[in-house]
Amino acid sequence: MPALLDATVLLAARPGWNALTARLDERSEEEFYISTITAAELLQTALMSSEVRKRTKRVAFVEAVLDQFPLLSLDRLVARMHAQIQTQLAEDDERVALHDSWLAATCLAHGLSLITLDARELGKVRGLEIERWS
């Protein structure tokens, strides 16, 4: 099944990028994507470093990630799915972080599973297939 990679997975892979690519290569038949939300999270994390050398290195890493995976935008279909998710969560008296709900909406709109390190909140979204990596 094609999958969306969460920022947690990509940030954890930064020091061992080869380990992540090897893991993804084992699933060469599958397609992997990132969301514009994930791209923004990665860029923000990179730019937050106060040390210029670290910031430059981190931005280069993010740019390599952005070159590696197709980027899925927030479009009308994703917006509709996001509205449905937020409605479902409100009815269930549950909450999910805003960025996470956009990732869930992107997955559901495009028929993707979500690969993440932290699935606690996302498990509240009905129909979302989550693959938790450690």
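Each reported figure results from applying straightforward, stated rules to the coordinates on display, with no laboratory input. From a predicted model like this one, the values you see are computed outputs, not experimental measurements. Here the Cβ positions follow ideal geometry from the backbone for every residue, glycine too, while neighbour counts run over all protein chains shown.
What is region 1-60 by shape, rounded, prolate or oblate, if you read a ≥ b ≥ c off the alpha carbon gyration tensor as root eigenvalues and call it rounded for a/c under 1.5, prolate for a/b larger than b/c, and oblate otherwise? It is oblate, given that a/c is not under 1.5 and a/b is not larger than b/c. Of the candidates Leu71, Leu47, Leu122, which one comes out as most mobile in a Gaussian network treatment of the chain with C-alpha springs shorter than 10 Å? Judging by the Gaussian network model, the answer is Leu47.
Under 5 Å between amide hydrogens, built in the peptide plane, is the criterion, and for Glu131 it picks out Leu114, Ile115, Thr116 among residues at least 5 positions away or on other chains. Angle of helix 76-91 to the longest C-alpha principal axis of the chain, folded into 0 to 90 degrees and rounded to 10: 60°. Between the helical axis of 98-110 and the longest alpha-carbon principal axis of the chain there is an angle of about 80 degrees. Spin-label pair Leu43-Asp118: with each label point 7 Å from Cα along the Cα-Cβ axis, the two points sit 2.2 nm from one another. Given springs between every Cα pair under 10 Å in a Gaussian network model of the chain, which of Glu121, Glu41, Glu51 has the largest fluctuation? Residue with maximal mean-square fluctuation among Glu121, Glu41, Glu51: Glu51. When the chain is modelled as a GNM with alpha-carbon springs shorter than 10 Å, which of Thr36, Thr56, Thr106 fluctuates the most? Residue with maximal mean-square fluctuation among Thr36, Thr56, Thr106: Thr56. With each label modelled as a point 7 angstrom along the Cα→C-beta vector, the Arg132-Ala19 pair spans 1.9 nm.
Subtracting the Cα-Cα distance from 0.36 nm times the residue separation, let me have the gained length for Thr36 to Arg80 in nm, one decimal. List each step's numbers first, then the result.
Working: separation 44, 0.36 × 44 = 15.84 nm, distance 1.66 nm.
Taking Thr36 through Arg80 to full extension adds about 14.2 nm, to one decimal.
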